[in-house]
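> Below is a structure I'd like to ask you about.
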Amino acid sequence: MSVVTSGRYTFPSYNLVFFIFLQLGLHSVEGVWPLPQSITSSPERYPLNPQAFYFTYGSQSAAQEGCSVLDEAFKRYFSLIFPDYSSGYGFLRFSVDKPFTVQVSVGRDDCDSYPDEDSSEQYTLSVSAGQASLKAETVWGALRGLETFSQLVYQEDFGSYYVNKTEIKDFPRFQFRGILLDTSRHYLPVQAILKTLDAMAFSKFNVFHWHIVDDPSFPYQSRTFPDLSAKGAFHPMTHIYTQSDVGRVISFARMRGIRVLPEFDSPGHTQSWGKGKNSVKLPTSSQSDLLTPCYSGSSPSGTFGPVNPILPSTYKFMATLFKEVSSVFPDSYIHLGGDEVNFSCWKSNPDVRAFMLKMGFGADFTKLEAYYMENIVNITVALNRTSIVWQDVFDYHERIPKDTVLHIWKGLPASYAAELSAITKAGYRVLLAAPWYINHISYGQDWRNYYTVQPLNFSGTEEQKKLVIGGEVCMWGEYVDATNLTPRLWPRASAAAERLWSDEKQTSDVDKAFPRLQDFRCELLRRGIQAEPLFVGHCKHEYQGV
Amino acid sequence: SCHDGLPIGLQHNNIDDYVEAEPVFEASKYGSLWPLPQKVQISEVSFKLTSSSFRIVDAKASSAGPSCSLLQSAYRRYYEYMFGSAKKQWWSKNNRRSDPSDLSELQVWITSPDSECDGYPSVTSDESCEYLPFLVHVMFYGLETFSQLVFEDEYGAKSINAAIINDFPRFQHRGILLDSSRHFLPIKVILANLETMAMNKFNVFHWHIVDDQSFPYLSRTFPQLSEQGAYHPYTHVYTPADVKMVIEFARLRGIRVIPEFDTPGHTQSWGKGQKDLLTPCYSGSKPSGSFGPVNPILNTTYDFMAQFFTEISTVFPDGYVHLGGDEVDFTCWKSNPDIQKFMEQQHFGDDYRKLESFYIQKLLDIVTSTKKGYLIWQEVFDNGVKLKPDTVVHVWIGGGSDKEMSSVTAAGYTTILSAPWYLDYISYGQDWQKYYKVEPLNFEGTDEQKKLVIGGEACLWGEYVDATNLTPRLWPRASAVAERLWSAKDVTDIGDAFNRLSLHRCRMVERGIPAEPLFSSYCPHEYKGV
């Protein structure tokens, strides 16, 4: 037992042997996140050489070369699979490895379309010697399969890439798997949104719910009403989304099989709208007076409340705005908000009270709110769009068009389970967000709470359960901007991703999920996503930014 | 004294022709100053600063000249903070000539005969301008303050209001603890945070460099410690060159680097490379295969520590080393028959705190012989270890920390406070206000006792923190602690603090630091590093 005093830096050879052993022993081939519905793999493995690795279209595939979505995906996934590969490298080296081909076949040529609520995302993937065969009904399913394939490939310490013999049959448990970003409380540069879309694809999320405007700011630059952002954005030039920004986000999302669902929340949460609609005298009266003037006693107080529901001009404005929105955003859904309407301003306004009398609403302002929402929903129905509204609308008003989707955001498990029961019993489709308010942070591994949610654990018939179309992770923006968005979102949102994609029985053990999620988080870092750690430990390739 | 001399000299061409500045932010009368200087008078008179003509220069009477590279590099740094890098300036260079209302020069006058250009900041370095000599690294704080007075109008022009500022810190030790053991922190992250510390006038980087989980410090004397104990022997270590770079980068910003080598607990990673250093735990009569704290009963332990801390004393120039001493779990010691025998021999009875004290006292003697002072976590004091009079006791245990401060200072020891500033504990909302409202001297004791509180540290332990989230998690929450430790005791207006801190955080963002937002709002220049 003597103290080693050597000042020389030596590296005994047994260390090297030990490390090789460790690396071989540690590798897990079932590291796919979210877990596929069915996966079998064997220890038999095949080397992959970037010099002799190809994506091709199967001869029976409906989509062939020239399919924008898949051509781009091949390029993207090649770099994700071989992160160290640089093109100059190949000329210096003569390869003797056998080629490996990933052959992709899809049943429909939907290359130029947008993913929608009915898009199939199922795929089968079969990896064998020299080739992988990926089959899907749609290009969106093929994208999910490519993501899975990219996660099956691993790199050993000496730099070689391998994939094991594997059979996968996979499809999502829920059709709607969303992430909400809030670009009103803080402006998020387009780059931050694109980065999020990239990371969403890695976790197989398929809906970007863009809560684009709210009380604090109106960054959407409207073609029809440019004053909304000119007056309502934090800054009219630097803190807005131009039409081309929006187009870029939509097309970037499409390439990744992600729908973009815009939310224009009203009648509450609209303070910023009023800046472009109330404060400026505009040529026609129909262009001002959007918000309700609040009264203090018998005179206007100078402040404004929710959208003014008693003026025909309001509905004309909304019809025009939503007509624009439906032409800019291709998705068949539009989110209309409808949450947290404060009645005190309406109550203070004598014109609003007179209207209440005339309509026979008595003193029940929820009836006024229902009247307003009904009108707005009818506008979107006329535009051939499905409305999503926050649960508040159901809570005070059960007579809304049957194909409206209700979005649950309130409460603890007991209360959202009751809400799921009630809404599905009334026959509406429903989307669950309440357990995934990921902007609420706390010390420790809160991803476990997001993982152990049981979305269908409420009392109801099989038919009722089918009305749950999915769930959504919400990142509200009070305390979040480009400085902290990414590490706050990932990998915590990935926990919800597995809950929404994978089979609940196979993924009920949160401790089993932990090492897989740790591996996945390191893979996110390797792909340049600044995902925060789950607990102590390290990744082979740490995040290289600051 | 400061009454007749400004630490910052403002020189302009013609005071009579001044141009009224555009009102930019009216929120606080102190603009975006953070932490708030001790004495501030800002006038309405403003001057334009033009990047093409503005210079930061040594005053004629200054004891520091062009050979003081420390100051010269600070001048360049602050010039870039104020005007952006040179390539962004082609427009103003080509299109704007200086006019009489311009402020053309910042003169930096170091009044101390010894400018300390080549030295390290130390506990005795005087950061105030109340006393002479006035030392070089103090100037960073003055430069930082000057740069905070500069604001941008709507057209992007830089202006500054005439101001008289006399400033000095309330507490001498204003630290940030980063933990590079639970997660390895790449050098780049550490440097970025030193940079941000300087923007907040922090002056101590407490480097909790090793712990149970990993040993990333590459020791020249015992290289096997990191070979075996780091997460990876090449990619997850701090080489001597890395450590030197951190120390120099910190020195250039007036920041001390105090390393912590915590023993006898928190040492699992040491055991991987240093055989027999840790206590073998027993299960019944046989070794269980696991190990506990450092083995205090072997002479080899102390031989090792003597060599190790001799190396540390040469690698880290600061006069102090942090020796840890917290959270020692006695169960392993209790299980070990050799330790039990030793306890009997030493007449320690069943009191394992005596064994801990035995170890710590020997360690303190070793470190004393390397001519270093030491900081220790509060347990060492609580357990009655004999300490040198200049020991700094680090109070960290939440709940009862006031009482602890009382008893530590009553015993005559200097102390620093961390208990209310564990920034790794996160919660939803504006928790910076909680950190801001702490009053470090709010404990029972005499004035003499209060003087023994030399400062505090914000701690960012690493269980859930690495390069991906460290910077936005630390800033601007740590800025709240910075003001508490720098500014006068009566600077407690939370509304005014919010207004200034919002602007200060935007300034950090503009300087490339991803400091997270306080609440819904925006910055003129949002973070671009996505």
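> Testing the spin-label approximation: label points 7 Å from Cα along Cα→Cβ at A:LYS316 and A:SER59. State their distance in nm.
Those two pseudo-labels are separated by 6.5 nm.
> Moving to a separate point now. Within 10 Å of each Cβ of B:509-520, how many other protein chain Cβ atoms are there on average?
5
> Enter the mean number of other protein chain beta carbons within 10 Å of the beta carbon of each residue in A:475-481, as an integer.
5
> Something else about it: Can you show me the helix-derived [θ] at 222 nm for chain B, built from DSSP H runs with n ≥ 4 at -39,500 (n - 2.57) apiece and divided by the number of residues, rounded to the nearest 500.
-9500 deg cm²/dmol
> Tally Lys/Arg at +1 and Asp/Glu at -1 over every other residue whose Cβ is under 11 Å from the Cβ of B:ARG253; what's the total?
+1
> Suppose every Lys and Arg Cβ carries +1 and every Asp and Glu Cβ carries -1, with no other charges. What dipole size does the protein assembly as shown come out with about its Cα centre, to the nearest 20 debye?
1440 debye
> May I ask you to derive the FRET efficiency for B:SER69 and B:THR239 from their Cβ-Cβ distance with R0 = 25 Å, giving the value to the nearest 0.05?
With R0 = 25 Å, the Cβ-Cβ based efficiency is 0.55.
> Relative to the first principal axis of the alpha-carbon coordinates of chain A, what is the inclination of helix A:510-526, with its axis defined by its Cα atoms, in degrees from 0 to 90 and to the nearest 10?
Once rounded, one gets 80 degrees.
> On to the next question. What is the distance in Å between the Cα centres of segment B:389-457 and segment A:401-473?
First find each Cα centre; the distance between them is then 45 Å.
> Continuing with the same structure: Which whole number gives the average count of other chain Cβ atoms within 10 Å of the Cβ atoms across peptide B:215-223?
Mean number of neighbouring Cβ atoms from other chains: 3.
> At what distance in nm do the modelled label points of B:ASP431 and B:SER283 sit from each other, each positioned 7 Å from its Cα along Cα→Cβ?
About 3.7 nm, to one decimal.
> For segment B:35-63, list residues with backbone N below 16 Å from a point placed 7 Å from the Cα of B:LYS489 toward its Cβ?
Backbone N within reach: B:38.
> Let me ask something else about it. How large is the Kirkwood hydrodynamic radius of segment B:316-437, counting all unique pairs of alpha carbons, in Å?
Hydrodynamic radius (Kirkwood, Cα only) of segment B:316-437 equals 16.4 Å.
> Determine the gain in length on full extension of the stretch A:THR224-A:LYS425; use 0.36 nm per residue of separation and subtract their C-alpha separation, reporting nm with one decimal.
Additional length available on full extension: 68.3 nm.
> How many angstrom separate the Cα center of segment A:146-197 from the Cα center of segment A:209-238?
30 Å
> Quick one: which of B:264-277, B:358-371 comes out on top by average Cβ neighbours within 10 Å, and what's the full order, highest first?
B:264-277, B:358-371
> Taking a point 7 angstrom from the Cα of A:LEU383 along the C-beta vector, which residues in segment A:317-347 have backbone N less than 19 Å away?
Of the residues in segment A:317-347, A:317-339 have backbone N under 19 Å from the label point off A:LEU383.
> Highest mean first, how do B:442-449, B:242-249 rank when packing is the count of other Cβ atoms within 10 Å averaged over residues?
Going from most to least packed, we get B:242-249, B:442-449.
> Something else about it: From the Cα trace of the protein assembly as shown, what convex hull volume per residue do you get, rounded to a whole Å³?
Enclosed volume per residue, from the Cα hull, is 221 Å³.
> With everything on Cα atoms, drop me the angle between helix B:352-369 and the longest principal axis of chain B, reported from 0 to 90° to the nearest 10.
It is inclined by approximately 60 degrees.
> Where does each of B:425-435, A:406-416, A:188-198 land if you order them by average Cβ count within 10 Å, highest first?
A:188-198, A:406-416, B:425-435
> Taking R0 as 51 Å, what's the FRET efficiency between A:GLU156 and B:LYS334 from their Cβ-Cβ distance, rounded to 0.05?
It comes to 0.70.
> Roughly what angle does helix A:350-359 make with the longest principal axis of chain A, taking Cα atoms, 0 to 90 degrees, to the nearest 10?
For A:350-359 against chain A, the angle is about 90 degrees.
> Hey, another quick one. So how far, in whole Å, is the C-alpha centre of segment A:69-83 from the one of segment B:205-220?
39 Å
> Another question about this same structure. If each of B:VAL45 and B:GLU448 carries a label point 7 Å out from its Cα toward its Cβ, how far apart are those two points in nm?
That separation, rounded to one decimal, is 4.9 nm.
Rule-based calculations on the coordinates, nothing more; no lab input. Here the structure is a predicted model, which is why all the values come from computation and not from measurement. Glycine gets a Cβ as well: all are built from the backbone with ideal geometry, and neighbour counts include every protein chain shown.
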